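The values are calculated or read from the model by the stated rules, or taken from the named source; none is laboratory data. Computed from a predicted structure; not experimentally measured. Heads up, the Cβs are rebuilt from the backbone with ideal geometry, glycines too, and the neighbour counts pull from every protein chain shown.
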Amino acid sequence: MGSDRQRRRLVQSSYGRLARVAVAIVIIALVGTATLTYSQDQAEPLRVVEVADGDYVHFGAIALMTAENEGAIANVGFVIGDDAVAVVDTGGSVREGRQLLAAIRHVTHKPIKYVINTHAHPDHVFGNAAFAPRAVFIGHVNLPRALAQRGPYYLDAFRRSMGGLLDEVKVVPPTLTVESEMRLDLGHRSLALKAWRAAHSDSDLTVLDETSGTLFAGDLVFLQHVPVLDGSIRGWLKTIDDLKAIGAKRVIPGHGPMAEWPAALAPEQGYLEHLASDCRDLIKRGVPLAAAAQTAGLSEKSLWQLFDDYNARNATAAYSELEWE
Amino acid sequence: MNRTRLQTVVMIGLAVALAVGAARSVPAAEADDPWPDLARDVFDGRPLADGTGLTAIEMPARAEDAAIVPVTLRATLPAGDTRVPKAFTLVIDENPAPVAATFKVGPGVTMISTRVRVNSYTNVHAVAELSDGKLYMVQTYVKASGGCSAPMAKNGDGDKANIGQMRFRQFARPTGAEPANGLREAQIMIRHPNNSGLQRDPVSLLYIPLYIVRDLRIWQGDQLLLEMDGGISISEDPNIRFSYMPNGAASFRAEAIDTEGHVFKGEWPAEPAM
Ligand SMILES: [Zn+2]
């Protein structure tokens with residue numbers, strides 16, 4: 001696995017051969033401990049809802065990732081076919097990933113064949129290690145790059161809010177990537193995966209259960225939780241128009257409750273359009289970025305949760321992108 | 001290997017692992033203050049006087065977007081003080097390469113705004129060199145961004161086709177509370193990934209090479225207004241807004257050089273004050 005190889009190289013270059021021997025032994029010791037811990041600490045199943053026949057979802061808290069919520073802030077789910085199970089996102093900690101695994105095992109004993117990551121953000125991928133190495137990990141063609149660039153940074157940055165929960169988190173990159181579209185067959189259950197242009201992030205992937213009509217939109221769709229811009233505001237607005245063409249019955253957003261499709265797109269489209277037009281106006285008037293970030297999008301404040309945590313950041317990103325128009 | 005020896009080796013191994021783990025888990029801003037060593041190395045041991053009242057740094061208390069944190073450096077000399085700023089150096093103590101940039105400045109460049117990457121909770125220092133040849137320092141503290149924000153590019157595909165593209169904009173009057181002092185503001189933008197060289201290629205596991213704008217100069221006619229010696233903390237698509245004293249020249253010119261030796265040039269007619 002990439003991350004292991006990476007770590008090994010780091011260790012070799014910094015500590016030399018003696019340390020390598022020691023570390024090898026520690027790895028053996030730690031694997032032993034981990035196995036022990038796992039068998040002792042039988043994870044409580046994550047609370048999941050069967051949103052449609054064969055589709056299960058855990059709805060994350062609308063909050064920032066903390067040690068208290070164990071990083072369980074994103075919606076994560078799984079789809080059961082006649083032959084196999086596919087997981088869609090694994091949560092914000094290995095503990096959450098293990099609880100998701102327990103929830104799956106509560107419902108079915110079919111093999112977990114695929115783990116699909118909708119993008120690179122920590123609340124969606126930090127649980128991956130709970131499913132490694134047996135499942136095939138799938139993501140956007142840009143996901144390996146995004147994880148390689150951001151993974152080590154996230155592991156450091158989230159220690160402040162998540163503490164020891166980070167100890168067992170590993171960056172697990174996809175072994176199968178989607179450049180435009182891909183179809184998975186779970187046995188009379190067909191999943192259509194689609195990779196998108198830079199929008200919420202630069203590795204957004206949606207998963208449509210074609211059998212049930214449930215769309216797992218990842219963070220291309222936000223409800224209640226203010227949208228978070230970490231890709232391209234122009235790309236996201238274009239993508240929203242394209243998403244409307246998807247023939248789904250219901251959508252599981254990355255954050256927020258299940259909703260009707262495509263009506264669920266309207267609130268975030270409104271937010272992003274307001275943000276973009278405010279930024280364009282501020283740019284035109286020559287208002288500098290620092291001041292613009294405090295005002296753009298403010299008219300949306302009453303409509304969203306976590307607005308103060310993300311709006312200035314979204315405004316900063318949108319302004320600096322739209323400045324080049 | 002007998003049991004005792006195995007235990008010993010395991011203990012040594014664990015100690016190594018714990019030491020590595022402990023070293024890694026100390027949040028950067030809470031470790032020993034790097035500033036005394038930095039100050040000595042960056043400024044060749046020259047004394048740094050308290051710059052309060054002479055120079056200022058403005059940054060948000062929290063980095064909203066880790067990849068794009070606005071920062072403004074100012075000379076704030078009291079009325080009657082005849083000194084002028086000659087250079088500003090911006091140091092982000094806890095960043096992988098702390099010296100974000102040094103700006104040498106010409107007439108009327110008493111304000112420089114740019115955007116930087118902020119990796120963690122950090123002190124940020126601004127050091128102004130005034131025409132008396134002395135260095136004056138002020139500092140601020142910035143909390144790192146929360147959530148999934150990261151100091152890396154948002155769109156890894158970027159706009160490769162337009163690398164080196166420049167935009168120049170002239171504003172009517174300076175923003176802020178300054179009195180009418182004849183100064184104007186302008187802004188230069190350059191399309192450039194400004195890759196930090198600290199990111200790994202996922203396939204080769206080798207570091208993606210450093211690829212940044214290292215030198216940028218802006219002239220008003222023949223007068224050099226601003227020269228930036230840039231580091232890896234400057235955000236993607238470097239963007240600098242600055243004040244200047246109009247000298248009646250017909251045009252502005254800019255030249256940038258990146259670490260691969262590419263030279264980018266632009267020229268724009270001076271717009272009359274509105
Ligand atoms: Zn996300």
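Brief remarks follow.
- Test for B:SER131: is it among the polar types (S, T, N, Q) and in contact with a Ser or Thr (Cβ under 6 Å, 6 or more places away or on another chain): no
- Residue count, segment A:179-230 (criterion: over 22 Å from B:ASP157 (Cβ atoms), assigned to a strand (DSSP E or B) and among the small types (Gly, Ala, Ser)): 2
- The condition of being under 22 Å from A:THR118 (Cβ atoms), modelled with pLDDT of 95 or more, assigned to a helix (DSSP H, G or I) and away from chain B (no Cβ under 12 Å) holds for only one of A:ALA266, A:ALA276, that being A:ALA266.
- Per this entry, A:ARG95 is counted among residues that are in the same structural domain as A:ALA217 (by TED's automatic domain parsing), more than 14 Å from the ligand (Cβ to nearest atom) and touching a residue at least 60 places away in the same chain (Cβ under 8 Å).
- Residue in segment A:276-288 that is outside the structural domain of A:VAL51 (by TED's automatic domain parsing), over 25 Å from A:TRP196 (Cα atoms) and touching an Asp or Glu at 6+ places or on another chain (Cβ under 6 Å) present: yes
- For the residues A:HIS225, A:HIS255, the requirement of being under 30 Å from B:ASP237 (Cα atoms), touching a residue at least 60 places away in the same chain (Cβ under 8 Å), within 16 Å of the ligand (Cβ to nearest atom) and more than 10 Å from chain B (Cβ to nearest Cβ) singles out A:HIS225.
- Among (1) among the charged types (D, E, K, R); (2) within 13 Å of chain B (Cβ to nearest Cβ); (3) within 23 Å of A:MET65 (Cα to Cα), the one test that A:GLU179 misses: (3)
- The requirement of being over 16 Å from A:GLY92 (Cβ atoms), among the acidic types (Asp, Glu) and touching a residue at least 12 places away in the same chain (Cβ under 8 Å) is fulfilled nowhere in segment A:161-170; no residue meets it.
- All of (1) β-branched (Val, Ile, Thr); (2) more than 16 Å from the ligand (Cβ to nearest atom); (3) within 14 Å of chain B (Cβ to nearest Cβ); (4) surrounded by 22 or more Cβ atoms within 10 Å (Cβ to Cβ) hold for A:ILE283 with one exception: (4).
- Matching entry among B:TYR121, B:TYR136 (being away from chain A (no Cβ under 14 Å) and among the aromatic types (Phe, Trp, Tyr)): B:TYR136
- Checked against (1) in contact with a helix residue (DSSP H, G or I) (Cβ under 9 Å, 6 or more places away or on another chain); (2) under 20 Å from A:LYS194 (Cα atoms), A:ALA129 passes all but a single condition, namely (2).
- Taking the criterion of being of a type in the set (Asp, Glu) and surrounded by 17 or more Cβ atoms within 10 Å (Cβ to Cβ), the residues of segment B:79-105 that qualify are B:ASP93, B:GLU94.
- Contact annotation: residue pairs with Cβ atoms under 7 Å, 6 or more positions apart or on different chains, pairing a residue in segment A:115-137 that is away from chain B (no Cβ under 14 Å) with a partner that is of a type in the set (Lys, Arg) and assigned to a loop (DSSP other than H, G, I, E, B), are A:ALA129/A:LYS170.
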